[in-house]
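A.B. asks: Below is a structure I'd like to ask you about.
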Amino acid sequence: VRNKARLVAKGYNQEEGIDYDETYAPIVRLQAIRLLLAFACIMDFGLFQMDVKSIFLNGLIEEEVYIGQPPGFVDYEHPKDVYRLKMALYGLKQAPRSSYDRLNSFIIKQSFTRGQVDKTLFIKKVNSELLIVQIYVNDIIFCVANEILCKEFSSYMQKEFEMYMMEELNFFLGLQIKQMKHGIFLSQTKYCIEQIKKFGMEKCKEVSTPMETSRKSQDT
């Protein structure tokens, strides 16, 4: 296990209207993901996923925000100096909103149309081909039938943001997704196993009905 160190701002010290204004960022619903999977299955589209590394560090700060020098990294020649933030930082109230705005504006510049109801859904039509993109914080899933469109989308996203490698969609929001010729199959086997391990029930006896079958009800 590799330990990570992150600089986190004390967001609880921020004052609304001075240090931040808008904090809301749209989040995709699970029902929308299921609709996307169903549509991809009907249209025989391939499903892929990408992750933006450190998504909250990509947002641009509109307000004037300052932070003190972090412990252990104080400049002894200028110990009272502070830093002015130009980009978002973990802990800031407006970090989710600013990172979404940055990602949203970039995708729209690539000739995408944003959904009227679902603000995390983006659609691009090239001739008769469709490219559908769904965003969940730092996770991006997209479906397309044209391999060229798929590579183009992956290319300009990686040029703008630091991304994890694109791969076929296998796991998303607790769902295991298996794409086959005859359809798309969903399961939660991994999630169930994790819950069993979490509560130390790996060695429990398996039964079809998880309750005592011989117990008789007693009147109280």
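A.B. asks: Give the cross-link partners of residue 198 among the lysines, using a straight C-alpha distance below 22 Å as the criterion and excluding same-chain residues fewer than 8 apart.
C.D. replies: List returned: 190.
A.B. asks: A further question follows. When only Cα pairs under 8 Å and 6 or more residues apart are kept, what is the percent relative contact order across the chain?
C.D. replies: 23
A.B. asks: Count the net charge of all other residues whose Cβ sits under 13 Å from the Cβ of residue 118, scoring Lys and Arg as +1 and Asp and Glu as -1.
C.D. replies: +4
A.B. asks: Also: Quickly rank 86-96, 28-38 as a protection proxy: mean count of other C-beta atoms within 10 Å, highest first.
C.D. replies: Per-residue mean Cβ counts within 10 Å order the peptides as 86-96, 28-38.
A.B. asks: Which whole-number value in Å² is the accessible area per residue of the stretch 1-145, probe 1.4 Å?
C.D. replies: 64
A.B. asks: Right, another one. How about residue 86: which lysines have a C-alpha closer than 21 Å to its C-alpha, ignoring those fewer than 8 places off in the same chain?
C.D. replies: Cross-link targets: 10, 53, 159.
A.B. asks: Out of the total accessible area of the chain (probe 1.4 Å, heavy atoms of protein only), what percent is carbon and sulfur?
C.D. replies: The value for the chain is 52 percent carbon and sulfur by accessible area.
A.B. asks: What does the highest-first list of 179-188, 75-84, 114-123, 13-22 look like by mean Cβ count within 10 Å?
C.D. replies: Result, highest mean Cβ count within 10 Å first: 114-123, 13-22, 179-188, 75-84.
The values are calculated or read from the model by the stated rules, or taken from the named source; none is laboratory data. Owing to the predicted nature of the structure, the values given are computational and were not obtained by experimental measurement. As a convention, Cβ positions derive from the backbone with ideal geometry for all residues, glycine included, and neighbour counts pool all protein chains shown. The accessibility values were calculated without ligands, DNA or RNA, using every heavy atom of the protein model including side chains. Shrake-Rupley method; radii C 1.70, N 1.55, O 1.52, S 1.80 Å.
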